[in-house]
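A.B. asks: Here it is, the structure, as C-alpha cells.
The values are calculated or read from the model by the stated rules, or taken from the named source; none is laboratory data. This one's a predicted model, so the numbers in the text were calculated from it and none came from an experiment. Positions of Cβ are generated from backbone atoms using ideal geometry, with glycine treated the same way; all protein chains shown enter the neighbour counts. Heads up: the accessible areas ignore ligands, DNA and RNA and are worked out on the full protein's heavy atoms, side chains in. Shrake-Rupley method; radii C 1.70, N 1.55, O 1.52, S 1.80 Å.
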Amino acid sequence: NIIYILADDLGYGDLSVYNQNSKISTPNINSIGNQGMIFSDMHSTSSVCTPTRYSILTGEYAWRTKLKEGVLWSYGEPLIPENKKTVGSMLKKFGYTTSVIGKWHLGSDPTGFDYWEILPGQGKYYNPDFKNQKGKAQYEGYCTDIVTDKAIAWLDKRDKNKPFMVMVQQKAPHRNWN
C-alpha cells in the first residue's frame, strides 16, 4: 500500500521524522515513517507546485512539456494529456485502487485514478471548493483539515481486499494566495 503525502513548500528538515531538532512536531508523520518506509535521499525536479506534481505523476521533467517555467494558474490546456501514463494508471494495471485528493494544479481533471477530489486551480485555504467525478461542492473549514478528512474517509471506504495508493496533496505550508 502507498500513502503519498505531498505538501507545498515543505522542506526535508521541517519534519521531525527526519530532523529531531525541527521546529515543527510531526508525531503522526513520524509514526507513519517508523511503521513503514521513509526516504533519506530525495531530489526534486522543481521548487514549485505544478512541475513537481507533473514529475511525480509521470516520471518526466515538466520542462519537457509546454511549461518551460513557473506554474499553471488555473484550468486551461491540460499539462498531462488524457492518454499519458501516470503512477495512478500504472498501479491500476497491477490491481491497485487509486485516488488523489487535494491540490492538483495541472490544468485538467485527473486521469488514471479510480477516485479523485481536487481543488480547482490553486484552491482556497478557507471554505474551499472541490471538484470530483460527480461535480463541484464547497466545504466549510480549513483546507488542510478537509483534505486530510477526505483522504481518511476514502481509506475507510475502499475495498480492503485490494492494495491501494492514495495521493494526499496539501496546499500547506504554501503561503496564502488569497
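A.B. asks: At 1.4 Å probe size, with every protein chain present, just tell me what the per residue accessible area of the chain comes to in Å².
C.D. replies: For the chain, the solvent-accessible area averages 59 Å² per residue.
A.B. asks: Take the cross-link list 136/157; 23/157; 23/85 and give me the ones stretching past 28 Å between alpha-carbons.
C.D. replies: 23/157; 23/85
A.B. asks: Now for a different question. Compute the normalised compactness of the range 92-178: alpha-carbon radius of gyration over 2.2 N^0.38 Å, N being the residue count.
C.D. replies: Dividing the Cα Rg of the range 92-178 by 2.2 N^0.38 Å gives 1.08.
A.B. asks: To continue, here is another question. Sorted by mean Cβ packing within 10 Å, highest first, what order do the peptides 53-59, 19-25 take?
C.D. replies: The most tightly packed comes first, giving 53-59, 19-25.
A.B. asks: Please give every one of the lysines within straight-line cross-link reach of residue 84, meaning a C-alpha to C-alpha distance under 19 Å, and leave out same-chain neighbours fewer than 8 residues apart.
C.D. replies: By straight Cα distance, residue 84 reaches 66, 68, 92, 93.
A.B. asks: Now a separate question. Just the ratio, please: alpha-carbon radius of gyration of the chain over 2.2 N^0.38 Å, N its number of residues. It would help to have the intermediate numbers written out before the result.
C.D. replies: Details: Rg = 15.9 Å, N = 178, 2.2 N^0.38 = 15.8 Å.
Relative to the 2.2 N^0.38 Å estimate, the chain comes out at 1.01.
A.B. asks: Which aspartates and glutamates does residue 131 reach when only Cα atoms under 12 Å apart count, and residues fewer than 8 places away in its own chain are ignored?
C.D. replies: Candidates past the 8-residue exclusion: 109, 117.
A.B. asks: Also, I was wondering about something else. Pull up all non-local amide H partners of residue 2: gap of 5 or more, or a different chain, and H-to-H distance under 5 Å with H placed in the peptide plane.
C.D. replies: The list, which skips near neighbours in sequence, is 164, 165, 166.
A.B. asks: From the phi of every residue in the range 15-20, what ³J(HN,Hα) in whole Hz does the Karplus formula 6.51 cos²θ - 1.76 cosθ + 1.60 yield, where θ is phi - 60° and glycine or proline is x?
C.D. replies: Going residue by residue, I get 8, 6, 5, 9, 9, 5 Hz, with x marking Gly and Pro.
A.B. asks: What part of the accessible area of the range 1-152, given as a whole %, is carbon or sulfur when the probe is 1.4 angstrom?
C.D. replies: 52 percent
A.B. asks: Given the alpha-carbon gyration tensor of the range 68-109, what are the semi-axes of its equivalent ellipsoid in whole angstrom, ordered largest first, with each equal to the square root of 5 times an eigenvalue?
C.D. replies: Working from the Cα gyration tensor, I get semi-axes of 23, 12, 8 Å.
A.B. asks: Let me ask something else. Output the peptides 67-73, 147-153 sorted from most to least packed, where packing is the average of other Cβ atoms within 10 Å over each peptide's residues.
C.D. replies: Taking the mean over residues of other Cβ atoms within 10 Å, the ranking is 147-153, 67-73.
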